[in-house]
Amino acid sequence: MPMLPRHPSLVKRSHLQVVVCVSTLALSLTAWAATPGPTKSYQQPALEPIGEVQAIYDGNLSEDLAVTTFRNTDRLFPVRAIKAGSHPFPLPRSGTPLGPVAFDYKGKRYSLDDYVALNRVTGLLVLKDGKIVTERYEKGNTADTRWMSMSVAKSITSTLVGAALQDGAIKSLDDKVTHYLPALAGSGYDQVTVRQILSMRSGIKWNEKYTDPTSDERQLIKLRIEQVPGSLLKFMASLPTAAPPGTRTNYSTGETQVLGQLVSAAVGKPLTQYLSEKIWVPYGMQTDAKWWLDGPNGNEVGGSGISATLEDYGRFGQFFLSGGKAGAQQVLPEDWMSFASATTGTDAAYGDFANMWWPGWTDASKADKAFTAAGTFGQYLYINPTKNVVIVVWQAQTKPTGGEVIDDMVAFDAISNTLQ
């Protein structure tokens, strides 16, 4: 397998796995809805086709099928709703919309339209000082579309660690994982701390290569398809130690499953309920979102599987950028943004990593201390605290990795600079 570039646009792992027959989709998947529909629902045709698992992993989805699959991922697995409230946080239109964006990349000059077309962007939201400077939908998407997060969900899961720490449900990041998850006692996690899980430095053996049928990630995928609640954590408990805790960064989707179930155990409720109570309702998300489960009425998949609207992803970014406050309530520790986005180590394959976020990898983004959540097939939630900018991007690339033509961070730099 060729060596991957050292930025996360090419390293997030795919988590779409189910073989569906379009003709039976409505009958086989409708019963999996665990909660009522959203406050503001997404009305896509019930039988819009979804790609089969082999085609997804092999990168063989057609361009059209990639779009319809990615906006219907809440039909692939059992889900639980992240309930929204009745008072959406306003995202006013800026009086100064985004001007022309132009930038150079690999010796060529590109515009924003070039970026949208070449990287198969299906949704683009740019907020400056909390106001919308541009909002675009492509490929049939609308403001009501709920689009997949993929590994953007990891950053949301890590944010819930901050909320639980602020609440006192998690006493210290240096607590042992087994204090909250006694089921992991006697496993490789015995001496691992919450902080080490958060930074993916547990030392637990993990092979993330989804293209390798023998990898740990593929085993996790297999278990999710089998839909046995609790099986993912049991699998994580079976893994051996490959390095002393805290000594090596190793990007692991399984690590986020441990983190998510740890938060859920600490607060005594499902992640969806906690996310709704701490952020989705009090901050003012407009639409119910959905989150994949590991089985019917099971545990949320900590590393993937959230489906939400473009503006609500933007609101989440604005919540994070504004210091983790919802109204007068301090939901996250006051220093959480700087803590969560600070580089914690370098993965041998993927480069710099923070606490479930990716630090910017261009000179301009590093100078601005920008960081991003990122998901396979091209999903981004970019935050630039220096320029007070949030950018949300949905893409429908047909290959899990390596599908982008333009480095997304270069495009984000250009957009941010245009807003100065």
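The values are calculated or read from the model by the stated rules, or taken from the named source; none is laboratory data. Note that this is a predicted model, so its numbers are computed, not measured. So basically every Cβ, Gly included, is an ideal-geometry build from the backbone, and we count neighbours across all protein chains shown.
Laid out as a table, the results:
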quantity: Extreme residue, nearest to the chain's Cα centre (by Cα), among residues of segment 267-314 that are hydroxyl-bearing (Ser, Thr, Tyr) and farther than 15 Å from Thr145 by Cα; calculated: Ser304
quantity: Test for Ala326: is it surrounded by fewer than 17 Cβ atoms within 10 Å (Cβ to Cβ) and either more than 30 Å from Leu223 (Cα to Cα) or at pLDDT 95 or above (or both); calculated: no
quantity: Test for Tyr380: is it in a helix (DSSP H, G or I), in contact with a strand residue (DSSP E or B) (Cβ under 6 Å, 6 or more places away or on another chain) and either charged (D, E, K, R) or crowded, with 20+ Cβ neighbours inside 10 Å (or both); calculated: no
quantity: Candidates Tyr115, Tyr105, Tyr57, Tyr110 - the one that is at pLDDT below 95 and either farther than 26 Å from Arg224 by Cα or not hydrophobic (A, V, I, L, M, F, W, C) (or both); calculated: Tyr57
quantity: Counted residues, segment 306-341 - those being touching a strand residue (DSSP E or B) at 6+ places or on another chain (Cβ under 8 Å), closer than 15 Å to Val389 by Cβ and small (Gly, Ala, Ser); calculated: 3
quantity: Pairs where the first residue, in segment 311-336, is over 14 Å from Trp280 (Cα atoms) and the second is buried (at least 23 other Cβ atoms within 10 Å of the Cβ) and among the hydroxyl-bearing types (Ser, Thr, Tyr), C-beta under 9 Å, 6+ apart; calculated: Trp336/Thr159
quantity: Qualifying residues in segment 199-251 (those that are among the acidic types (Asp, Glu) and part of a loop (DSSP other than H, G, I, E, B)) - the one nearest to Asp175 (Cα to Cα); calculated: Glu208
quantity: Some residue of segment 396-409 being over 25 Å from Ile56 (Cα atoms) and among the charged types (D, E, K, R); calculated: no
quantity: Top-ranked residue in segment 345-360 [being at pLDDT below 95 and assigned to a loop (DSSP other than H, G, I, E, B); ranked as surrounded by the fewest Cβ atoms within 10 Å (Cβ to Cβ)]; calculated: Ala348
quantity: Matching residues, segment 32-54, being part of a loop (DSSP other than H, G, I, E, B), of a type in the set (A, V, I, L, M) and at pLDDT below 75; calculated: Ala34, Ala46
quantity: Selection count, segment 117-152, where residues are closer than 11 Å to Trp394 by Cβ and outside any strand (DSSP E or B); calculated: 10
